[in-house]
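What follows is a single structure, written as structure tokens, with notes after it.
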Amino acid sequence: MKKTPEAELPVRVVMTVAGSDCSGGAGIQADLKTFQHFGLHGLSALTCIVSETANIVRRIDTVDVDMLEDQIVLMLESFPIKIVKTGMLGSAKHVARVSSIFANHADLQLIVDPVMISSTGASLLEPDAVAVYQKSLLPLARVITPNIPEAEVLLGDRIKSSADMESAAKILSEKYQCAVLLKGGHLDTDNCIDILMEKDQLHRFSSPRLNVSASHGTGCTLAAAVASGLALGKNLVESVAMAKEYLNVTLATSYSFVGPNGEIIHALNQGTRR
């Protein structure tokens with residue numbers, strides 16, 4: 001059998017624009033682990049350096065916006081990028097700069113995870129950045145992936161049920177002219193229900209709620225897996241189904257350990273292979 005020359009092999013790349021989690025559970029680290037799992041070459045542009053664990057966010061330092069832009073532009077110049085996932089952006093000026101760059105690249109598919117609040121309850125986005133998200137970045141997205149608290153901020157209303165989720169996903173999809181994957185993990189239900197609204201078509205994804213404590217990085221991991229599916233040529237419904245399955249595996253095989261200071265750390269098993 002003739003071997004395909006290395007130069008002729010397809011280059012499947014996907015880029016993440018997000019913050020760094022030094023504990024390795026969320027942010028760019030989680031995204032790159034997810035891309036690697038699906039056999040993709042992960043690129044990254046760093047927006048923030050975060051001193052955190054699954055239990056505490058202690059410090060956030062944003063990267064200079066010109067440095068952020070240079071990372072993104074260099075990657076766009078150097079690799080055949082078609083899929084970009086954004087995560088924690090941190091400030092209004094970072095959201096604005098990212099938006100201005102991608103506004104000139106209509107061929108890209110943007111998966112926007114509007115990261116606002118950590119699993120510990122810490123704010124990860126300056127309040128004035130929300131308006132910039134709404135005006136500049138969300139309308140550029142192929143799909144946005146808010147959890148319920150983030151969707152409530154964008155919607156300006158409460159979401160208390162799966163019926164509310166369906167209504168919210170429809171409203172947000174119409175408002176920003178993009179697909180919406182609304183994650184329902186914050187609802188107190190036996191099943192975790194995610195709602196995908198795409199082109200007036202509603203899709204429900206349901207899975208039993210797992211009794212685990214490893215919630216740190218779930219949003220990053222899910223959005224990165226959706227991006228991976230699109231990079232592999234799947235449609236959005238297939239990509240969400242694949243992402244949901246992958247996240248369930250990482251949750252089901254999650255683990256805990258006691259750190260040197262005595263705190264218990266819960267982590268997703270993002271290295272799990274199928």
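None of the figures in this text is laboratory data; all of them are computed from the coordinates on show. Bear in mind the structure is a predicted one, so any value in this text is a computation, not a measurement. Here Cβ is always computed from backbone atoms with ideal geometry, including for glycine, and neighbour counts include all displayed protein chains.
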Subject >> From the C-alpha gyration tensor of the range 11-267, square roots of 5λ in Å >> reply: 24, 23, 19
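In what order do Cys22, Cys178 fall by count of nearby beta-carbon atoms within 10 Å, going from fewest to most? Can you show the working numbers first?
Working: Cys22 14, Cys178 19.
Exposure proxy ranking, most exposed first: Cys22, Cys178.
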Original post:
Of His216, His41, how do they rank once you tally other Cβ atoms within 10 Å and put the fewest first?
Top reply: His41, His216
Original post:
So which residue, out of Leu155, Leu196, Leu89, gets the largest mean-square fluctuation from a GNM of the chain using Cα contacts under 10 Å as springs?
Top reply: Leu155
**OP:** Would you mind counting up the charge near Cys220? Only other residues with Cβ under 10 Å from its Cβ, with Lys and Arg at +1 and Asp and Glu at -1.
**Re:** -1
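Using the crude model of +1 on Lys and Arg Cβ and -1 on Asp and Glu Cβ, and no other charge, please compute the dipole size for the chain relative to its Cα centre, in debye to 20. Write out the running numbers ahead of the final one.
Working: 24 positive and 29 negative charges, 141 e Å.
Dipole of the chain, to the nearest 20 debye: 680 debye.
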Subject >> Overall form of the range 23-91 per C-alpha gyration tensor (a/c, 1.5; a/b vs b/c) >> reply: oblate
**OP:** Filter the DSSP H helices in the chain by two things, a Kyte-Doolittle mean of at least -0.5 and an axial alpha-carbon span of 27 angstrom or more, and list the hits by number.
**Re:** none
**OP:** Can you tell me the relative contact order of the chain? Whole percent, Cα pairs under 8 Å, sequence separation 6 or more.
**Re:** 17
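Grab the DSSP H runs of the chain that are 4 residues or longer, score each as -39,500 (n - 2.57), total them, divide by all residues and round the 222 nm result to the nearest 500 deg cm²/dmol. Before the final figure, lay out the partial values.
Working: 8 runs with 94 residues, N = 274.
Helix contribution divided over all residues of the chain: -10500 deg cm²/dmol.
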**OP:** Considering only Thr250, Thr145, Thr47, give the residue with the highest GNM mean-square fluctuation for the chain, with springs between Cα atoms whenever their separation is below 10 Å.
**Re:** Thr250
Original post:
With each label point set 7 Å from Cα along the Cα-Cβ vector, what nm distance links Ser100 and Leu202?
Top reply: 4.0
**OP:** Report the one residue of Thr62, Asn248, Cys48 whose Cα lies farthest in the direction of the positive end of the charge dipole of the chain (charges on C-beta: Lys and Arg +1, Asp and Glu -1; origin at the Cα centre).
**Re:** Asn248
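Once you sort the root eigenvalues of the Cα gyration tensor of the range 50-202 as a ≥ b ≥ c, which label holds: rounded (a/c under 1.5), prolate (a/b larger than b/c) or oblate (the other case)? Write out the running numbers ahead of the final one.
Details: a/c = 1.99, a/b = 1.28, b/c = 1.55.
In terms of gyration-tensor shape, oblate.
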Original post:
Roughly what % of DSSP beta bridges within the range 64-198 run antiparallel, to the nearest 5?
Top reply: 35
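With 10 angstrom as the radius, rank Asp61, Asp190 by how many other C-beta atoms surround their C-beta, starting from the fewest.
Details: Asp61 11, Asp190 8.
By the 10 Å Cβ count, ascending: Asp190, Asp61.
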